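The values are calculated or read from the model by the stated rules, or taken from the named source; none is laboratory data. Quick caveat: nothing in here was measured; it's all calculated off a predicted structure. Glycine also receives a Cβ, built like all others from the backbone with ideal geometry; neighbour counts cover every protein chain displayed. Side chains are part of the model used for accessible areas, which takes the heavy atoms of the whole protein and leaves out ligands, DNA and RNA. Shrake-Rupley method; radii C 1.70, N 1.55, O 1.52, S 1.80 Å.
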Amino acid sequence: MIFEDEPVPGYPLPILPGHTSPGRFERVLRAGQFAVTSELAPPDSADPEDVYRRARIFNGYVDAINATDGSGANCHMSSLAVCALLTRVGYAPVMQISCRDKNRIAIQGDILGGAAMGVCNILCLTGDGVQAGDHPQAMPVFDLDSMTLLETARTLRDEHHFLSGRKISYAPRVLLGAAENPFAPPVEWRAERLAKKVEAGAQFIQTQFCYDVPLLRAFLSHAQTAGVLERVFILVGVGPLRSAKAAEWIRTHVPGVHIPDGIVKRLAGAADQALEGRKICTELIQEIRMLKGVHGVHLMAYRQEETVAEIIDRSGVLAGRVPWYPERDARTDSPRKVS
């Protein structure tokens, strides 16, 4: 789709009735398009070109790019800085905020600062414990958790004041998101937790990796029963597995990731396991897109970012449209519809 009311391609859009941000990502979701997001692994570098080089891999295939915030409790360039660089050239970033490393003073400052630089989407996370990362001696903060972080961001946006009660002169205009894991038992409890996050302010959800569609269906059914399915945009986490060995390691060592035995056996029996992993990911996306209550996928391809274009192309979920990217409108060789 083409947004005819955008002042300059890549610039903030006018905020429509019922919208909370001037961002393209919210426009895509509310227009009923099947959205695609992915993650940019922040560099261990102060060179901005390292960020742009990683972002260009996704050009034309994703509606928004998550900038992770110390994922796995490992130190990299900050999410706020990555988002500042991405907005500078017009990308639509999702700024992740982890409660592990900052108190409410710093977090509220980052929300205002990010919004001032054009960040329109925020993902609120509790964060992994420091013992999981490369600085286990660090002091964890956890002044807030994902729920209270959502409430804090919503307070800034909707009530125009800090948690202290002090007024702010211009509110951040942002779309608020949270993470959820539909595959950790008990599934019924996960749907209840989703409902609490929506009550706290979550407007979109990005889930943990999905390799078990029946479990996802059960989660969506419970969410429907809880009356929350029509109140939030759900993007299901997907990702390619390099090999059966990698799948075994992930399901053993990464908390909350469920990979059925059938997936591991299929990978083990393939002549080219990496190719088979991409095929599995493509098939899962095609199956997931048909489920009621699913509004997109969050494709996480850590150290396999170059596979995102292939997987999205083969899945067909963009249905011919080309998500905006810098210099896209100067190109004339793409038959796909722009959005």
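Which value, in debye to the nearest 20, gives the size of the charge dipole of the stretch 193-264 about its Cα centre, when Lys and Arg are +1 and Asp and Glu are -1 at the Cβ?
The calculated dipole for the stretch 193-264 is roughly 120 debye.
How big is D, in µm² s⁻¹, for the chain by Stokes-Einstein at 25 °C and 0.890 mPa s if Rh is the Kirkwood radius over C-alpha pairs?
120 µm²/s
Taking the Cα-to-Cβ direction at Tyr11 and at Arg166 and moving 7 Å from each Cα, how far apart do the two end points lie in nm?
3.3 nm
Charges on Cβ only, +1 for Lys and Arg, -1 for Asp and Glu, centred on the Cα centroid of the chain; of Gly72, Thr307, Thr282, which one is farthest towards the dipole's positive end?
Thr282
What do you get when you divide the Cα radius of gyration of the stretch 43-186 by 2.2 N^0.38 Å, with N the number of residues?
Details: Rg = 15.4 Å, N = 144, 2.2 N^0.38 = 14.5 Å.
The stretch 43-186 yields a ratio of 1.06.
Given Cα positions, please report Rg to Rh for the stretch 1-125, the hydrodynamic radius being the Kirkwood one.
Values: Rg = 14.4 Å, Rh = 15.0 Å.
With Rh from the inverse mean 1/r over Cα pairs, Rg/Rh is 0.96.
Would you work out which of Val119, Ser98, Phe25 lies farthest towards the positive end of the dipole of the stretch 1-119? Charges go on Cβ: Lys and Arg +1, Asp and Glu -1.
Of the listed residues, the answer is Ser98.
Can you work out D for the stretch 220-327 in µm² s⁻¹ from Stokes-Einstein, where Rh is the Kirkwood radius over C-alpha pairs, the temperature is 4 °C and the viscosity is 1.567 mPa s?
Numbers: Rh = 15.3 Å.
D = 85 µm²/s.
In nanometres, what is the gap between the two model label sites at Leu275 and Asp261, each 7 Å from Cα along Cα-to-Cβ?
It is 2.8 nm.
Per-residue HN-Hα couplings for the stretch 21-34, Karplus 6.51 cos²θ - 1.76 cosθ + 1.60 at θ = phi - 60°, whole Hz, x for Gly and Pro?
9, x, x, 5, 4, 5, 4, 4, 5, 6, 7, x, 6, 7
Lysine pairs, Cα distance under 26 Å, 8 or more residues apart or cross-chain: how many in the chain?
12
On a 1.4 Å probe surface of the protein chains, which of Leu123, Leu163 comes out largest in accessible area, and what is the full order? Show your work: numbers first, answer last.
On the way: Leu123 5, Leu163 70 Å².
From most exposed to least exposed: Leu163, Leu123.
Using +1 on the beta carbon of Lys and Arg, -1 on that of Asp and Glu, and nothing else charged, what's the dipole of the stretch 1-116 about the Cα centre, debye to 20? List each step's numbers first, then the result.
On the way: 10 positive and 13 negative charges, 35 e Å.
Dipole of the stretch 1-116, to the nearest 20 debye: 160 debye.
Return one quarter of the surface area of the convex hull spanned by the alpha-carbon atoms of the stretch 140-179, equal to its mean projected area, in nm².
3.3 nm²
Label-point separation (nm) for Glu248 and Asp50, each offset 7 Å from Cα along Cα-to-Cβ?
Placing both labels 7 Å along Cα→Cβ, they lie 3.4 nm apart.
State the percentage of accessible surface on the stretch 69-172 attributable to carbon and sulfur atoms; use a 1.4 Å probe and exclude ligands, DNA and RNA.
Answer for the stretch 69-172 is 55 percent, counting heavy atoms of protein chains only.
Give, rounded to the nearest 20 debye, the magnitude of the charge dipole that the chain has about its Cα centre when Lys and Arg contribute +1 at Cβ and Asp and Glu contribute -1 at Cβ.
480 debye
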